[in-house]
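Report on the structure given below.
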Amino acid sequence: MYNLSNRKKVLSQREMTWVERLYLPAIFGGMLITLKHLFKKKTTFKYPEVQRPFSPVFRGLHELKRDENGAERCTACGLCAVSCPAEAISMVAAERVKGEENLYREEKYAATYEINMLRCIFCGFCEEACPKQAIYLETTPAPASFERHDFIYGKDRLLQPKQ
């Protein structure tokens, strides 16, 4: 049976004990911290309009370089693909035919050269492994996209334009 008189005792006002009074400074301290953070300077950047400063050793998008004559430096040796821990680089080698002497530096060249930017961890091992200094990681950050195929960079997007 439910006793109505007990309920009135629980709801009645009573003096706070000294243990309960100890919590009040803690509550006010917490509210003070909240108010301090409310008026603090924001740490985020509004990205497209304001870009954050990058470190001098920042590694961004890849670029396939050309030599001083405008020929491709890449000889399709495959060392960059082997050194990539994420297995993001794939290439198909081909032999140069007559009439293409000014396009390619060596007898072998990369017919297709693709980097999957979704797999790339921007470690720079490909840049270190290349004996011909054909691939570099520039300071340009990777652009955002909603389509997966926009992150597969072929020679059309990687190759440095002719000067």
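Values in this text are rule-based calculations from the coordinates and carry no lab data. Remember, it's a predicted structure, so these values are computed and weren't measured experimentally. Positions of Cβ are generated from backbone atoms using ideal geometry, with glycine treated the same way; all protein chains shown enter the neighbour counts.
Key figures for this structure:
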quantity	calculated
For the chain, calculated [θ]222 nm from helices alone, where every DSSP H run of n ≥ 4 adds -39500 (n - 2.57)	-6500 deg cm²/dmol
Kirkwood hydrodynamic radius (C-alpha pairs) into Stokes-Einstein, region 62-158, 25 °C and 0.890 mPa s, D in µm²/s	176 µm²/s
Translational diffusion coefficient (Stokes-Einstein; Kirkwood radius from C-alpha pairs) of the chain at 37 °C, 0.692 mPa s, in µm²/s	154 µm²/s
Spatially proximal lysines relative to LYS108 (Cα-Cα < 21 Å; intrachain offsets below 8 disregarded)	LYS65, LYS98, LYS132, LYS155, LYS162
Within the chain: Cβ-based charge dipole about Cα centre, in debye rounded to nearest 20 (Lys, Arg +1; Asp, Glu -1)	1640 debye
Dipole magnitude of region 107-146, debye to nearest 20 (Cβ charges: Lys/Arg +1, Asp/Glu -1, about Cα centre)	80 debye
Potential lengthening between ARG52 and THR139 on full extension [0.36 nm per residue; Cα-Cα distance subtracted]	30.0 nm
Extreme residue, positive dipole direction of the chain, given options VAL82, PRO53, LEU35 (C-beta unit charges)	LEU35
Cβ-based net charge around GLN133, under 9 Å, with every Lys or Arg adding one and every Asp or Glu removing one	+2
Relative exposure of ARG119, ARG66, judged by other C-beta atoms within 10 Å (fewest first)	ARG119, ARG66
Electrostatic dipole magnitude of region 62-158 [Cβ: Lys, Arg +1; Asp, Glu -1; Cα centre; debye, to 20]	80 debye
